[in-house]
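The structure appears right after this line, and notes come after that.
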Amino acid sequence: MSMITTLAADYARRGGHMHDEGGRHWVWGSLMILFLILLVIAVVWFVRTRTLACRPSAGGVESAEQILAGRFARGEIEADEYHERLAVLRATPDGGGGGGGGGGGRFGRKDRPEG
């Protein structure tokens, strides 16, 4: 007999169920659940570490200056623009956040000359 017919005969002999007769099928089910739990934990850990690494530091001045320095290092801005923006970041009281909130940001300064 071929292997397929042997397996089919064994399947039919067991009443259409492919479980072992020792009652150990619960072990494989438990291992599958444990594997899924570990997989979910690993994905959550990976996502959390990646998002925490992308967050800016607590002091907004350093993170804004680091972003500006990175743009300068990549050649996206020239030296004069880098120094001008760095001076603006260091001069703003809120650390250069300037998110369009209630004044005090980069565009809301009253002492900045026009033009």
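The values are calculated or read from the model by the stated rules, or taken from the named source; none is laboratory data. Note that this is a predicted model, so its numbers are computed, not measured. Cβ: placed from backbone, ideal geometry, glycine included. Neighbour counts: every protein chain shown.
Quick one: in the stretch 21-53, of everything that is part of a loop (DSSP other than H, G, I, E, B) and under 43 Å from the mean Cα position of the chain (by Cα), which residue is modelled with the lowest pLDDT?
G23
Suppose we keep only residues that are modelled with pLDDT under 90 and aliphatic (A, V, I, L, M) within the stretch 73-104. Which one would you say is surrounded by the most Cβ atoms within 10 Å (Cβ to Cβ)?
That would be L89.
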